[in-house]
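The structure is given below, and queries will be raised subsequently.
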Amino acid sequence: MAREVTHTATGPLKLDEDDLDPEKGDVAVCLCGLSDDYPFCDGSHRVTEDEEEGVVYRYEDGERRVVSEDE
Ligand code: FES
């Protein structure tokens, strides 16, 4: 599985101790590309749990569509 995401940043974001979750004491960085609180994970990755191998997805406006599939 894979997904297409759009990133508009042109440089890095430096994290500091203010970014730590006060309850957990850590910081979760989004690697799925779907977080509304990017670069921090907001739990949006849960919608990717049933993605299938060999399929590329795009998520837009709350909808998931298939971009391509391996044959
Ligand atoms: S890893 Fe992207 S929202 Fe959690």
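Laboratory data are not the source of any read-out in this text; all were calculated from the coordinates shown. If you're wondering where the values come from, they're calculated on a predicted model, not measured in any experiment. Glycine gets a Cβ as well: all are built from the backbone with ideal geometry, and neighbour counts include every protein chain shown.
Restricting the search to the range 45-71, which residues are assigned to a loop (DSSP other than H, G, I, E, B) and exposed (fewer than 10 other Cβ atoms within 10 Å of the Cβ)?
Selection gives E49, D50, E53, D61, G62, D70, E71.
Moving to a separate point now. Kindly indicate the residue of the range 1-53 that is of a type in the set (K, R) and free of Cβ contacts under 8 Å to residues at least 24 places away in the same chain and also nearest to V67 (Cα to Cα) among those meeting that condition.
This residue is R46.
With the requirement that a residue be over 17 Å from E60 (Cα atoms) and not in a loop (DSSP other than H, G, I, E, B), what does the range 25-44 give you?
V29, F40
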